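Below is one structure, written out as structure tokens, with a few remarks after it.
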Amino acid sequence: MFNGVFKKTSYIAIDRDDKDAGKEPSIPDGLWEKCPVCKKAVYTEDLRNNYKTCTKCGHHFRLTSKERIEMLADEGTFEEWDQEMPDVNPLDFEGYIEKVKIMQEKTDEQEAVLTGKCKINGYDCGVAVCDSNFMMGSMGYVVGEKITRMVEKATAQRIPVVIFTCSGGARMQEGMVSLMQMAKTSQALKKHSDAGLLYITVLTDPTTGGVTASFAMLGDIILAEPGALVGFAGPRVIEQTIGQKLPEGFQRAEFLLKKGFVDLIVERDEMKSTISDILRLHSNGKVTLKSADYYHGRNVVSDVRNKNAKEKTAWDRVKISRDSKRSTGFDYIKCIFKDFVEFHGDRYYGDDGAVIGGIASIAGKNVTVIAQQKGKNLKENQYRNFGMPNPEGYRKALRLMKQAEKFNRPIICFVDTPGAFCGIEAEERGQGQAIANNLYEMSSLRVPIVTIMIGEGGSGGALALAVANEVWMLENATYSILSPEGFASILWKDSRRAEEAAKVMKITAKDLYQLKIIDKIIPEYKPSTDDNIQQISGYIKNNLKEFLSKYENVDADTIVNNRYNRFRNY
């Protein structure tokens, strides 16, 4: 292992001989390295001090397993497991053992993966690091066995697992024995998951073939380094098969993020802190709330409102709920929670900007937070689809909810949507099925759920995040079977009667509280905007603390039954 320490520097290296700019550099051994992306020479010391990231273009050079451990593990904490394992040649493949011996001497490693246990900013975890320098990180019996043993030991010790993938896939020289490692490693990870333990995958360049189709894509949370090539079939194979040139950026980490298969892309110098943040937010801290930590009563803020203020009509509240200046889900997340880490993607099709979600903490308790998100200008609204989720948005939300159940985290949802997106693509990808599946699965989640209506609560698109133990509403939010315009159009064949429809539909917080559809009204002395969100967020935060305290010691069966009965009684 290296004696030095990788460290991010604040300067950018420059070519040492500018008079030769534009010429192909002649690179002396050991002094310079040529970046494979920008083709420029980088001073080796600068590269080393920059976490082996090109100081010119940001390209992430490939690391050895020992370099990766040095960057990741707290100093002196790495304990290697299963270092010495016998070489195998199940097919009696000619020259295979000899090639393995050559690679062992060349790399000073026994195989293409390094496994063990370490601390990451104080948090214990099992770790495996694939090494592309050893037969392109390919997975044969020894690699599969080492990873499986590491996961089994981590399960026995009840610690998280972190695996850095870097591989060309299955090892051809071992044939079907190599293929079986895909199933073996996956089985071990399933047992680890069933034990309620965290698995973080970090995809690095390249991750392909049987490794992608097994342990690489099974993480509870999947991170990736920028620009990493990740795919089942390699680009050259695909091009040869279909006879087409692949688009720019195909199968790169950024492509996978857009397509919903990666939670976060993390720069190398931020990797250790990001992983440790995730480990901390999955630690089993218990919340202890004293009575002074929150205040009681539903109308603390409204007690000081102007008693002579004119009561708003239902249509007034519809217009307020749609106001572009109204506080959004992300605004509340920033004000109420600490350490929010956003995750992306539904693991099937894409990442929907109309739904955000991740993990955070409040009053010492780790929670999962999900919000429907509108934009505040045209550009934001185009990305957020004006707060109208596609099927992948609902599937992302459900993925995060199931993850919360696994780790026993309460779920907090913020609803603000005109409704689920109605478009050709949404129907093709199963909009109705996605919403129905949320209703079905949320009914039996074994952790407490609270949903807060903060703006528009439009039809099934809102209900898909509102099968909760408690539903709260901001005073100027709405929750309806359909928009007033749609209601008037269907029943009266005249959408111009929307204001009249809003009144008869009973869609305001006051109406719905009387109907026992919601459990709590969050008062707004003034409509929620950037000017007063801190005041409203403070009220919500204190009520959330009370909610968490209320459900702290309630068993899972009671939580599920209470939710069932809440909707059964309608």
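The values are calculated or read from the model by the stated rules, or taken from the named source; none is laboratory data. What you are looking at is a predicted structure, and each value in this text was computed from that prediction instead of being measured. Please note: Cβ atoms are built from the backbone with ideal geometry, for glycine as well, and neighbour counts cover all protein chains shown.
What to note about this one:
- Residue match in the range 383-390 (condition: under 21 Å from Asp277 (Cβ atoms) and of a type in the set (Gly, Ala, Ser)): no
- Annotation note: of Thr185, Thr115, Thr207, the sole residue that is closer than 23 Å to Phe250 by Cα, at pLDDT 95 or above, polar (S, T, N, Q) and surrounded by 20 or more Cβ atoms within 10 Å (Cβ to Cβ) is Thr207.
- Helices (runs of 4 or more DSSP H) contained in the range 338-432 and holding at least 1 residues in contact with an Asp or Glu (Cβ under 8 Å, 6 or more places away or on another chain), modelled with pLDDT of 95 or more and among the aliphatic types (A, V, I, L, M): 391-406
- The set of residues from the range 81-107 being surrounded by 12 or more Cβ atoms within 10 Å (Cβ to Cβ) and among the charged types (D, E, K, R) comprises Asp82, Asp87, Lys99.
- Where helices (runs of 4 or more DSSP H) fall wholly inside the range 126-233, the ranges with 2 or more residues that are among the basic types (Lys, Arg) are 141-157, 175-194.
- Ile320 meets the conditions (1) farther than 22 Å from Arg399 by Cβ; (2) in contact with a helix residue (DSSP H, G or I) (Cβ under 9 Å, 6 or more places away or on another chain) in every case but one. The failed one is (2).
- Breaking point among (1) out of contact with any strand residue (DSSP E or B) (no Cβ under 9 Å at 6 or more places or on another chain); (2) under 25 Å from Lys325 (Cα atoms); (3) β-branched (Val, Ile, Thr), for Ile522: (1)
- The condition (being assigned by TED's automatic domain parsing to the domain that holds Thr508, among the polar types (S, T, N, Q) and closer than 30 Å to Ala556 by Cα) is satisfied by just one residue among Asn408, Asn381, Asn377: Asn408.
- Looking across Asp531, Asp519, one residue alone is surrounded by fewer than 16 Cβ atoms within 10 Å (Cβ to Cβ), in the same structural domain as Lys338 (by TED's automatic domain parsing) and among the charged types (D, E, K, R). It is Asp531.
- Looking only at the range 479-509, residues that are touching a strand residue (DSSP E or B) at 6+ places or on another chain (Cβ under 7 Å), modelled with pLDDT of 95 or more and not aliphatic (A, V, I, L, M) come to 3 in all.
- Test: residue in the range 550-557 that is charged (D, E, K, R), surrounded by fewer than 17 Cβ atoms within 10 Å (Cβ to Cβ), in the same structural domain as Thr451 (by TED's automatic domain parsing) and within 30 Å of Lys325 (Cα to Cα): no
- For the range 560-568, the count of residues that are surrounded by 11 or more Cβ atoms within 10 Å (Cβ to Cβ) and assigned to a loop (DSSP other than H, G, I, E, B) is zero.
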